[in-house]
Amino acid sequence: MTNPLLMPWQTPYGIAPFDAIEDAHFAPAFEAALAEHLAEIEAIADNPEPPSFANTVEAMEGAGAALDRVLGVFFNLAGADSNAARQALQREFSPKLAAHSSAIYSNKALFARIEALWDGREALEPEEERVLYLTHRGFVRAGAALEGDAAERMAVVKSRLAVLGTQFTQNLLTDEAAWSMPLSEADLEGLPEFVVDAARSAGEAAGFETPLVTLSRSLITPFLQFSPRRALREKAWRAWVMRGENGGETDNRGIAAETLALRKERAALLGYEDFAAYKLETEMAGTPARVRELLMAVWEPARAAALSDAAEMEAMLKADGLSGPLEPWDWRYYAEKRRRALHDLDEAELKPYLQLDRMIEAAFACSSRLFGLSFEPLQVPLYHPDCRAWAVTRNGQHLAVFIGDYFARASKRSGAWCSTFREQAKRPVAKTPIVVNVCNFAKPSGGKPALLSYDDARTLFHEFGHALHQMLSDVTFGSVSGTSVARDFVELPSQLYEHWLEVPEVLGEFATHAETGEPMPPALLDKVLKAATFDMGFQTVEYVASALVDLEFHQGQPPADVMQKQAEVLEEMGMPHAIAMRHATPHFAHVFSGDGYSSGYYSYMWSEVMDADAFAAFEEAGGAFDPEVARRLEDYILSRGGSVEAEVLYTRFRGRMPGVEALLKGRGLAA
């Protein structure tokens, strides 16, 4: 069998030949590429020549090219278009990849070469020295210096954590795909046309003749906003928050507890007090104490705002003849009513102006004005019919391929993310990036234009900000390209880009009515901008609660009962009754699907301190498209990846590090 995953790809820009790849190709390609990478690593480790940057670190940068290609395709498909075969392969691959990683990091001859280079480092280019530093640090933090039983136990722990992370993700996907709620014609009363249309589309996609509410955020959130049927809202809300907590084989509570215990053990093997101390050592925050300081500075004003809002909405609920208290399934419904009363702003009135295609155009247009980028549609086979691709150029020079995968489907995990099929690099082999944005917007039925909520539009800009970080990367080595930065710095470009959605001239040009083509009326645009911080107490409370629970989980002794610990943390914080954590533990994929945001969910807020201050640099210079500030943003942040410490990069861009004041002002929570 000819395996396209192992053949040279004679395709435009080296895009994977998706139309030729079958699930049966993955396992043999994976095994072959794994063996090839291990042989390359052993050749580097056993090189009789004295260690040099070129024959050791740069050689490691170039090793594993076949494995990178195979895994780039596989894991992108496993997240965005899963099926039973891919889930089985993921369960098979995860422990093998963990063992492969352990074999590399425990290679004593290889570590000796890296140690020798680090101890005698001199005459290296700045980026070479940075890559050597990160390589050496990575080996030490992976346990390369461990011996005997400790080294063996570390390998076992990492393998088990890989299995648990995969299982957590797949359980969540199963729970999300399994639940739906049929709606009768009577149940549709009071729902705006776009919600009814999305529910009918979900029903059609599932093979039903009746409309359905599913656990896609772009459907369940507007249902909770607009449905006047309180019992249905409660049923939908409970299904949403109980993902991963329904008993049986897909229950994630035991997985979360075991994960926390193993992370604690992993940190202890390396000499750290707990996992939070280990994890935060390499982040901008540095310590759990600094994280807590930031979160608590925001918590108190946010909680006060949320409690004030809750009191007003409870009065509205009672005016409707219902008995209190205000419940979590009531919040979005009465918040929407309150927004109409305070700002004369109705989501149903706004949504026809936020067409998906026009918002994509807006995101592209802003990047064209800021960074000179051009986007040309590509007609190439992709992994799903909903996907589309563009070639990204500047002054006629190819920079990247951008793929957009925007619609929700049962085979896609929830949320939104940016990933790559290929990262940018110049050495040892030059590569341009292939970047994908994955979202879960409601797909319309009957060929109608896809309409976004304002929150959806913000998500689109957010993920495109991550994509810009990848596409504008201009470093030498792939290990420090694009988003290969500190976790609490990685959200700066994405959250910063959200600000351009709120620039009046952007909405004025691209927010056009789906039926009439007319631009958003100035009065409506004014209401949208004035309501930008509406319900910010709720949004901040649900987020900070999740971040603090994440931090508490990873400090001190791991809890035997994760749900009891979660409840204790929330009670101690004074969590408002009518607000739930944004991500309860059994579906907290950021923290338990892998290591990425463990002890690090605070990162969005740490980055927000910077993004509020960074956009202020444009405002101070006279406008959102000031060319000099845009040039500095690209030169010092977007193009540099992790080639320089994050704090140094930000200070070069802004001249100083910011305080929390800009964040509080931006959220409407300043005193």
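The values are calculated or read from the model by the stated rules, or taken from the named source; none is laboratory data. Quick caveat, the model's predicted, so the values are computed rather than measured. As a convention, Cβ positions derive from the backbone with ideal geometry for all residues, glycine included, and neighbour counts pool all protein chains shown. Surface accessibility is based on the protein's heavy atoms, side chains included, excluding ligands, DNA and RNA. Shrake-Rupley method; radii C 1.70, N 1.55, O 1.52, S 1.80 Å.
Numbers for the structure displayed
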| item | result |
| --- | --- |
| Test: residue in region 43-62 that is among the charged types (D, E, K, R), outside any helix (DSSP H, G or I) and surrounded by fewer than 16 Cβ atoms within 10 Å (Cβ to Cβ) | yes |
| Residue within region 81-95 that is under 22 Å from Leu146 (Cα atoms) and either surrounded by 16 or more Cβ atoms within 10 Å (Cβ to Cβ) or in contact (Cβ under 8 Å) with a residue 60 or more places away in the chain (or both) present | yes |
| Unmet requirement for Ala410, which otherwise passes all of (1) over 30 Å from Gln87 (Cβ atoms); (2) open to solvent by 30 Å² or more (accessible area, probe 1.4 Å) | (1) |
| Residues that are among the β-branched types (Val, Ile, Thr) and either without any contact (Cβ under 8 Å) to a residue 60 or more places away in the chain or under 15 Å from Phe407 (Cβ atoms) (or both), drawn from region 196-229 | Val196, Thr210, Val213, Thr214, Ile220 |
| Counted residues, region 1-33 - those being in a helix (DSSP H, G or I), in contact with a Leu (Cβ under 6 Å, 6 or more places away or on another chain) and in contact (Cβ under 8 Å) with a residue 40 or more places away in the chain | 2 |
| Close pairs (7 angstrom Cβ cut-off, 6 or more residues apart or separate chains): over 11 Å from Thr585 (Cβ atoms) in region 246-263, part of a helix (DSSP H, G or I) and open to solvent by 50 Å² or more (accessible area, probe 1.4 Å) anywhere | Thr250/Thr174; Leu262/Arg160 |
| Qualifying helices (runs of 4 or more DSSP H) (wholly inside region 436-548; at least 1 residues being open to solvent by 10 Å² or more (accessible area, probe 1.4 Å) and more than 29 Å from Val291 (Cα to Cα)) | 454-471, 504-510, 522-530 |
| Some residue of region 632-641 being touching an Asp or Glu at 6+ places or on another chain (Cβ under 6 Å), assigned to a loop (DSSP other than H, G, I, E, B) and touching a residue at least 24 places away in the same chain (Cβ under 8 Å) | yes |
| Some residue of region 600-623 being out of contact with any Pro (no Cβ under 9 Å at 6 or more places or on another chain), in a loop (DSSP other than H, G, I, E, B), modelled with pLDDT of 95 or more and surrounded by fewer than 21 Cβ atoms within 10 Å (Cβ to Cβ) | yes |
| Hey, Ala584 closer than 26 Å to Gly324 by Cβ, aliphatic (A, V, I, L, M) and surrounded by fewer than 23 Cβ atoms within 10 Å (Cβ to Cβ) or not | yes |
| Count of residues meeting criterion [of a type in the set (D, E, K, R) and closer than 28 Å to Leu212 by Cβ] in region 397-429 | 4 |
| Cβ pairs under 6 Å, 6+ apart, first in region 502-517 and closer than 17 Å to Pro449 by Cβ, second open to solvent by 60 Å² or more (accessible area, probe 1.4 Å) and in a strand (DSSP E or B) | Thr512/Pro519 |
| Those residues of region 284-336 which are surrounded by fewer than 18 Cβ atoms within 10 Å (Cβ to Cβ), without any contact (Cβ under 8 Å) to a residue 24 or more places away in the chain and not hydrophobic (A, V, I, L, M, F, W, C), in sequence order | Gly286, Thr287, Arg290, Glu293, Glu300, Lys318, Asp320, Gly321, Ser323, Gly324 |
| Hits in region 563-581 - residues which are charged (D, E, K, R) and buried (at least 18 other Cβ atoms within 10 Å of the Cβ) | Lys565 |
